[in-house]
Structures are given as structure tokens and as C-alpha cells.
Amino acid sequence: MNQPSNAPARTAAAQWPGPPAGARAAGGTVPSFSDDGAWTDFRCAVRAILDGEAQAALGHAGADNARFVQLWDRLGGSLVGGKLTRPRLVLLSYSAFGGRDRQAAATLGAAFEMLHSALLIHDDVIDRDLVRRGRPTVGALYRQDALELGHSGTEADHAGNSAALIGGDILLAGSLRLAARAGAATGTAEDVLDTLNAAVLAAAAGELDDLVYSLGGLDIDVDQVLDMERLKTASYSFEAPLRAGAVLAGAPAPSAERMGAIGRTLGIAYQVIDDVLGTFGDPAETGKSIDSDVRSDKKTILGAFAAHDESYLAAHASYRRGEAGIEDVRAALSAAGAEEAARRLAHRLVRHALADAADLAPETTLADDLAGVCTFILERTK
């Protein structure tokens, strides 16, 4: 079976020790994040900052503009209900390097949460998804408005996509504003903005790869899928928050870079599991249909691992022709060992990340804190 030639999992020096005491919980949550009083206060601060940004935006555009108020109401739906993983990673890294200005850290955490929502809104347009976290996407809501006004499906799609692009752009701009404010508080604005900008560019490159790969005509292997997922998701979801948290705390550049590398490895593992859940997860938990990736011919780690399995290729082709169901594709992937191979890869990646964390900051709780992140990555169900 193909193995990524440049995957850091090959050099993992540590064994996955399991979560720290009390870290396991049902539903894929991370108790060390949610049960700690300091984290609860931090999370509330992040929420308050996001609420404040919405109110400030309404003030600039005019709170009497009913359409803009409605847009922010709908954007708010994309900003709530998440696990706030990115703000937690900012806090974790910031604290590991001695950062003490929790408000600055919360502001930076809010910047990454806003960036995350912006990219998800745009991603829903690209993937033509109408449901996110079990609820209608921003675009789907405006699409429904257009349908109720009697417009055609084509016009309704255009309305939904247009509104989603506008909303995503607003959140993207807001994330940069928050990052600049956080950096200004600690004298690191330029470096913080550079980190966020690099994450945006990487995500754009990964999204473009994802789009081009879905067009077909290319023989995409495991390495290419992992690189695409590193760019599209790991860069802004794990690598940049951990690096930016260290930068905000004034960590030396080499240490901040190593934190970013740890995040990159964890982010790839996260996306590998995300691919597994996208096909083998419970839609009631994931809020996403199990045929979305296959329907859009999305290139995932599952398909890459099964790329040379004739039974899988036949089932996939039959599904695309409307002659087979998604269960046939899932059965073929299982028989090819794709799910098992993906989960093994994710475990190897988190072992590598933990080994690096223990080496980088042996006198801190960094590795223990990241163990909770690893538990969440490997055991989550949504």
C-alpha cells in the first residue's frame, strides 16, 4: 500500500500514550479544554470579542439596513456552535511561551475563529454544500429566499453563492483586523499578520488544488492528497494558531517555527480523520451527508489509499453513473483497507507531533496539553 514518502510519521520517536487522566469523553470533545476554569473564561472572552465585532460592523454599515442586519444574523450562525479549537491552540501555545495578556490572546483566537468561518462559507460555495453542522449554510438560506420569491433554481443558486461570498469576505477582513489588534497589544503585529496571511495563502492554494483534482484527469497519490490537505486545512486550523500564539508571546523565531511544524502534523492528522468521517461517519453527528465527498468526486485520503483497488474503482464508477449506492462505495473502501490505513496514518502523525512537543518544551505542560488535542483528533465523531 502506498505510504507518503515525506510523511513525518515515519520518524516518529514516541508512542502514543493515550490521553492524560480524565481526558476522554463521549462525543469527540476535549474535557481538558472545556472543564478548565481558565479555558471557560477564555472561551467567553473570545465569544464576547466576536459579538463585539458584529456590533461594530453594524455600526459602520448602518444598523438600520435590514438586509445587512439579516446577513450578520446569518453569519452569526456560522460563528457559534463550534468547538473553538483554534482559539484554544492559540492559548495553549501562548501560555507555553509565557504569554500573560489573555485579552490579546483571546483577540487572536477570535481572529482565527472568524477566519475559519470565512473559509468554511467560501468552501460551501465551492463544494455546493447546503448543510453545515446540521444547519443550512449561509448560501442555502439566501437560495431559499430566492426560491420563495419565485426565482428559478439557477437564479436561486446565484443569489445564494453571491451572498455567501459577500459574507465570507466580511469575515475574512474582520479576521485580519482582529489579528492586527492582538499583535499591536504585544508589539508583534507585523509577525502575527504575516502568520495569518501565510495561512490564508496556503488555504487558497489548497482549495485550488482540491478544485482542480476534482475535475479529474490526474493520477493523484497519497502524498499529493496529504499536501493538499496540509495547505487547505492544516495551515490555518493548526499550524498558524500554534505558531501565532508563540509569536504573540514573543517566542524566538525558531521556536515559533517548530510550533508551527507541530501544528502542521496535527492538522494533517485532523484532516485524515475528517476524510474518514466524511464517508464513514454518522450524519447525525457530523452534520454532513456521507455521500458529499463521493458525489463531488472530492479527492480524499480514502480514495488515495484505494486508488489501485479494482473493486473500489468499479464501485466508484458505478456510483457516478447512478448505478450503485453510497453503501456500495463504502463497502469497497472498507474491503480495500482504506479506512484502517487512514486511521493508522493519523495515529502515527500524532505520535510524531507529541514527540516534537516534548522535545521543544520539556519543562512545560505543552506535550500534556497537546495530548488532549490528539485525543480529540483521533476519537472525535464529528
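Step by step: first the residues of segment 91-128, then only those that are over 27 Å from Asp209 (Cα atoms) and hydroxyl-bearing (Ser, Thr, Tyr), then the one that is surrounded by the fewest Cβ atoms within 10 Å (Cβ to Cβ). Which residue is that? Only one residue tops the list, namely Ser95. Of the conditions (1) within 16 Å of Leu75 (Cα to Cα); (2) of a type in the set (Val, Ile, Thr); (3) more than 18 Å from the chain's Cα centre (by Cα), Ile121 fails just one. Which one is it? It fails just one condition, (3). Being closer than 30 Å to Gly99 by Cα, touching a Ser or Thr at 6+ places or on another chain (Cβ under 7 Å) and part of a helix (DSSP H, G or I) is true of Arg181.
Table: residues versus (1) closer than 23 Å to Gln224 by Cβ; (2) free of Cβ contacts under 8 Å to residues at least 24 places away in the same chain; (3) open to solvent by 30 Å² or more (accessible area, probe 1.4 Å).
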{"position": "Val294", "(1), (2), (3)": "yes, no, no"}
{"position": "Lys298", "(1), (2), (3)": "yes, no, yes"}
{"position": "Ala304", "(1), (2), (3)": "yes, no, no"}
{"position": "Asp309", "(1), (2), (3)": "yes, no, yes"}
{"position": "Tyr312", "(1), (2), (3)": "yes, no, no"}
{"position": "Ala317", "(1), (2), (3)": "yes, yes, yes"}
{"position": "Gly322", "(1), (2), (3)": "no, yes, yes"}
{"position": "Ala332", "(1), (2), (3)": "yes, no, no"}
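No other residue among Arg88, Arg67 is under 23 Å from Leu172 (Cα atoms), surrounded by fewer than 17 Cβ atoms within 10 Å (Cβ to Cβ), among the charged types (D, E, K, R) and modelled with pLDDT of 90 or more apart from Arg67. For the condition buried (at least 23 other Cβ atoms within 10 Å of the Cβ), part of a helix (DSSP H, G or I), in contact (Cβ under 8 Å) with a residue 60 or more places away in the chain and more than 16 Å from the chain's Cα centre (by Cα), Gly263 does not qualify.
Ile220 satisfies every condition listed in (1) of a type outside the set (S, T, N, Q); (2) under 23 Å from Leu345 (Cα atoms); (3) more than 18 Å from the chain's Cα centre (by Cα); (4) part of a helix (DSSP H, G or I) except (4).
The values are calculated or read from the model by the stated rules, or taken from the named source; none is laboratory data. From a predicted model like this one, the values you see are computed outputs, not experimental measurements. When we count neighbours, we look across all protein chains shown, and the Cβ atoms used for this are built from the backbone with ideal geometry, even at glycine. Quick note on the areas: whole protein, heavy atoms, side chains included, nothing else; ligands and nucleic acids left out. Shrake-Rupley method; radii C 1.70, N 1.55, O 1.52, S 1.80 Å.
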